[in-house]
Every structure is written in structure tokens, then in C-alpha cells.
Amino acid sequence: MQTPMSIEVAVADGRLSSLDSDWVFIPVGEREPTEPIGDVDAATGGELSRAMASGEFEGKDYQLFVTPVTNSEWRSRRVALVGAGSAADFGPDRLRRLAAVAGLAARDRKVTRLAFVSRQPSAPSSARLPRSAQVALAQAIAEGVMFATFDAASYKTEDHDLWHPQQFVVSLPGVDSETRHEASEAVRQGVVLAECMNLARELANEPGNRLRPRAFADRAAHLVSRAGLGVEVLDEGQIAAMGMGLLLGVARGSEEPPRLLVIRYDPQNPPSPPVLGLVGKGVTFDTGGLSIKSSEGLERMKDDMAGGAAVVGALCAISRLRAPIRVIGVVPIAENMPSGHAIRPGDVLKSASGKTVEVLDTDAEGRLILADALWYARQQGATHVVDIATLTAACTIALGQAVSGLFGRPQKWADAVRAVADSTGDRVWPMPLFDDYLELLRSDIADLKNVGGKPAGAITAAMFLAEFAGDGPWAHLDIAGTAWNEEAKEYLPKGPTGVGVKTLARLAFAALG
Ligand code: BES
Ligand code: MN
Ligand code: ZN
């Protein structure tokens, strides 16, 4: 497990020559004239303009060009240009990715002292951004670089070097001292958010045999208490005493009992309301149960607790960044297995809320455990609730891997969650919740059935949750497509993405209305 590391993080203004790093990363746009980055060209003996003239470096998205500094007045040893692509749509999201490319390159080359220059490619140097935009860019850079410190290969016994930057500087050329001051704080927050994303990624990356329900609950409890949060792990007896038949039912097929992880953040003198409730799906492995999945790609189902991990990561960030409001995190944890004890298709279970559910498909288990957890979050006083879950393959069919599905009501709350998500780089897109869809969940024998058939699979799953989410504001993020990156990208390695951590954490700083 990742240990807290000592890293020197700084924000620098002034001239690039005074940066004292091993590598100085500089974003450079496509067909950008070299003149605005002129002193870099000179410092590298004209390598920049030469590489751009020859086509060796074109500034295309995520290209990397590293060249030695020849000017002895510079304190850094190498300049690394990162292709920033076209100048259109440039902003924090792009810069975060460029910084992640830089971090991953540094990791690859075992460079531990790095600087990243915040600049707008192709913008005339006189074009000064407003302070808030400068600050947002600085934070995005910190998030991107620190994102690269995640170690996916923790079970390799050979050729496995842990890398961690020792020194990391965000350079903001030509900004005033007030901006620099604000940017320092933003960079600190960016580092915390990225660390907490990486913590969620670590949990989601754990194999199913290493992170079964009790281990997940215990490890999460350890992490959050280390971050200064209150935590309770409710066992099967306590879960049964509360009547959580859905969570118990899903867990029945496994040799491991379920757990309900409850995390509390209680700042001093919080306003009341609101109380933010964060609920995350914690299925440590999803075989489908007796409605068993096919074996193809089944190993991926070790990350079916990515939503729960995001809640754990977000609460760590909320505590470390000292959010102003109360937050409660609830993670229902179970392993979905087939066995002689498992629930059968057609079984009827009773939820903690009292509603009965006919389980027609034991593979639609996420909504079952979340239903009891949503009820619990409300019962504990959450006024504004967001749940996050690798809930439906249908969501991936609808939106692909780039965007999470966002559901919620009232509209104002869904909009608020969307605005926060947009500001963090977690991409979400709104999906509808019309009462018509509820018809699809009518059961012949119970209050609800747990599946609504093929059409609108992501929506009927959300409609099911809505039946248990109470009357207050509630939103649901379906991260089935976004929690795991199937194919390595320049800025995002294969594996867990940490999606949702920043959105959930930032919500605790937003006006909830
Ligand atoms: N954990 C899965 C959803 C999932 C699938 C996430 C693939 C990530 C990748 C969930 O529990 C599930 O099995 N959902 C079913 C629901 C169906 C039975 C109504 C699905 O999407 O097929
Ligand atoms: Mn399932
Ligand atoms: Zn599942």
C-alpha cells in the first residue's frame, strides 16, 4: 500500500532559467511559432526550432521531445516539450492530460525532480488569463503529474521500481504574487485530490482474492481513520438487525459475510443542513451469482467496488482539505457468488425500507445493495445524496468509455453535480428519469423486480435506485464504462481511473442549494 510520501511541491514564477529541476516540461502547440518560447530555443542551442522545422517535433497531441539545455546559466538539465495539439479548446482538462503525460514520462525515465510550465500554447504572450483561470490551470497540472505516481504493478516481484517525484514545481511565468499565492494553495489541493484518486485506484486494482468483503472494509476503515475520519464497519449481525435483506441476499452465495462501511466527516461548527451523503457500490467480485456471467472478461469484475473506492478516496480528500459541511459515506460491501447458499432467480427479498423485491436476475446485484445503503444514508440524516457505481453494461453501450452517466432529481441537483463534475475533468452526461420507465420494474409478486429487460438498461437501474433514495435531492453516477481504462492512452495507463473521486470531494465544497 502506498505510504504518504515526502515530496517538495512548489509554485515558481520568474524565469525558466532559474528553475532547478532535472526536467522542465513545456507544453507546445501544433505549428506554434517558436518565438514566444524563444529563450527555450536559445537555451537548447536552437534545438527547438530545428526539431520543429524538420518535423521531428510537431507539437501534436502528447508528443514528447527531450533535449539538453546548453545554456550554462540554466539550472535545469533538460527541456521536455509536450505536444499540446491545436490551440482550440485549450483549458484545464487538456493541461491535466499533458501534465499526466509528463508525469508518466518522468516515471518511465526515473526522473524525480521535475517542473511543468503553465502556458497557453499559441497564445500571444501578452494574452493574460484571469487569475482564477491561472489558478485552475496550476491545480490541473498538479493533479496530472501526481496521477502518474500510481503504481499498478504492486504484485510484481522483479523489475519493479517504485517511483516517486522528490521535487515538483509548477511554473507560472509572469504572474503576480497574489496569483502565485492562490496557485500554491490550489496546487496543494490538486496533490491531495490526485493522491486520493490513486488510493481509490489502488483499491479498485486489487484482485478479488486479495480484497474480499472483510478485507475491503478493514482496509478502507484503516485508510479513512488515518485521514482523520470517523468510521464504523457494520457486520452481518448488525446488517440483519436493520433488516437489510437486499445486502444480505446478495452476499448469501459467498463464504464471506457482507459489511456496511460507514464513514463520517464532522467538521467543527458545520451548517445544518446540508449533510452530503456519498454512497458507493462495493461488490468485491461480481460473478453474476446464479445468473452467472460468461467467462470472457470476467476478471474485470474485480473492480466492481470502484464506486465504493471512490467514496473512500473522496472522503479522505474531504477530510484532508477540511470541507465546511458534514459528509457521510456509506459503502455496502459484498461478493456476488454462485453457491448452494446463493439467492435464486425469482427469490423475493425484503429491503430495509420495507419494499419487497423479486430478484429475477442475480447479476443485477449492485442496485440491490445500493438500495439498502441509500435508505441507510437517508436514515442517518443525509440531505443531499450521490451514489456512484459500476452499475450497468448498458451505460457503456449508451455512452462508451469516455463519459459516466449522470441521473438525478430534482433537476437543480443533477445540474449542480454536473457543474462540479465538469470543473474536475470527470466527464459526465445527463440521462433521463421518466416515470414511464418504472412500468418496466413492476413485479407480479412483489413491489418491484430488479431488472427491467433490455431496453434502457442504465435508466431502469437508476429508476430502481430512485425508489429507495427518498424524497430529497439524489443523483446517481453510472461509472461502468469509465472506472476501468481498457486500452492504454498517453495520459492514462490501462487499469483503474479513479473516476468520481474529485467530483464527490469537490461537492463538499460546492453550494448544495
Ligand atoms: N457490475 C455489473 C456491471 C458492469 C458490467 C460493470 C461490465 C462494468 C463492466 C453489474 O452488476 C451487472 O452485472 N449488470 C448487469 C445488469 C443486468 C443483469 C440487468 C448488466 O449490465 O449486464
Ligand atoms: Mn452484476
Ligand atoms: Zn456488479
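Taking (1) more than 18 Å from the chain's Cα centre (by Cα); (2) within 16 Å of ligand 1 (Cβ to nearest atom) in turn, Ala306 satisfies each apart from (1). If you go through the stretch 325-382 and pick out every residue that is assigned to a strand (DSSP E or B), within 12 Å of ligand 2 (Cβ to nearest atom), of a type outside the set (D, E, K, R) and over 16 Å from Gly452 (Cα atoms), you end up with 2.
Here the stretch 282-319 is the region considered, the condition is being part of a helix (DSSP H, G or I) and surrounded by fewer than 24 Cβ atoms within 10 Å (Cβ to Cβ), and the residue that is nearest to ligand 2 (Cβ to nearest atom) is Met301. Of the residues Gly481, Gly470, which single one is surrounded by 19 or more Cβ atoms within 10 Å (Cβ to Cβ) and touching a helix residue (DSSP H, G or I) at 6+ places or on another chain (Cβ under 9 Å)? None of the others qualify; the one that does is Gly481. For the structure I just gave you, tell me whether Asp363 is over 21 Å from the mean Cα position of the chain (by Cα), farther than 26 Å from Ala488 by Cβ, open to solvent by 10 Å² or more (accessible area, probe 1.4 Å) and within 16 Å of ligand 1 (Cβ to nearest atom). In short, yes. Any residue in the stretch 10-21 that is at pLDDT below 95, closer than 20 Å to Pro165 by Cα and β-branched (Val, Ile, Thr)? Yes, the stretch 10-21 has at least one match. When the stretch 116-165 is filtered for residues that are open to solvent by less than 40 Å² (accessible area, probe 1.4 Å), β-branched (Val, Ile, Thr) and assigned to a loop (DSSP other than H, G, I, E, B), only Thr149 remains.
Condition check ((1) of a type outside the set (A, V, I, L, M); (2) out of contact with any Phe, Trp or Tyr (no Cβ under 8 Å at 6 or more places or on another chain)) across all residues:
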site	(1), (2)
Asp444	yes, yes
Val451	no, yes
Lys454	yes, yes
Met463	no, no
Gly470	yes, no
Ala483	no, yes
Gly495	yes, no
Gly500	yes, yes
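Taking the criterion of being more than 9 Å from ligand 1 (Cβ to nearest atom) and of a type in the set (A, V, I, L, M), the residues of the stretch 276-292 that qualify are Leu276, Leu278, Val279, Leu290, Ile292. Among the residues of the stretch 35-55, are any surrounded by 13 or more Cβ atoms within 10 Å (Cβ to Cβ), at pLDDT below 95 and in contact with a Lys or Arg (Cβ under 7 Å, 6 or more places away or on another chain)? The answer is no, given that none of the residues of the stretch 35-55 is surrounded by 13 or more Cβ atoms within 10 Å (Cβ to Cβ), at pLDDT below 95 and in contact with a Lys or Arg (Cβ under 7 Å, 6 or more places away or on another chain).
Scan the stretch 426-434 and give yes if some residue there is of a type in the set (A, V, I, L, M, F, W, C) and crowded, with 24+ Cβ neighbours inside 10 Å, otherwise no. Within the stretch 426-434, one or more residues are of a type in the set (A, V, I, L, M, F, W, C) and crowded, with 24+ Cβ neighbours inside 10 Å. Taken over the stretch 427-458, residues that are part of a loop (DSSP other than H, G, I, E, B), closer than 30 Å to Pro92 by Cβ and within 11 Å of ligand 1 (Cβ to nearest atom) amount to 0.
Ala220: away from ligand 3 (no atom under 14 Å from the Cβ), modelled with pLDDT of 95 or more and buried (at least 21 other Cβ atoms within 10 Å of the Cβ), yes or no? Yes: the conditions hold for Ala220.
For the stretch 285-302, residues that are more than 10 Å from ligand 3 (Cβ to nearest atom) and at negative phi total 10.
Report yes if Gly346 is more than 15 Å from ligand 1 (Cβ to nearest atom) and at pLDDT 95 or above, otherwise no. Walk me through it before giving the result.
On the way: more than 15 Å from ligand 1 (Cβ to nearest atom): no; at pLDDT 95 or above: yes.
Answer is no for this residue.
Among all residue pairs at least 6 apart or on different chains, which show Cβ distances below 9 Å where the first residue, located in the stretch 458-486, is within 16 Å of ligand 3 (Cβ to nearest atom) and the second is among the acidic types (Asp, Glu) and assigned to a helix (DSSP H, G or I)? Note: pairs meeting the criteria are Ala483/Asp303; Trp484/Asp303. Do you know which of the residues in the stretch 383-413 that are polar (S, T, N, Q) and in a loop (DSSP other than H, G, I, E, B) is surrounded by the most Cβ atoms within 10 Å (Cβ to Cβ)? Taking the candidates together, the pick is Thr390.
The values are calculated or read from the model by the stated rules, or taken from the named source; none is laboratory data. None of the values given here were measured: they were computed from a predicted structure. Note that we place each Cβ from the backbone using ideal geometry, even for glycine, and neighbour counts take in every protein chain shown. To get the accessible areas, we keep the full protein, side chains included, count just its heavy atoms, and leave off ligands, DNA and RNA. Shrake-Rupley method; radii C 1.70, N 1.55, O 1.52, S 1.80 Å.
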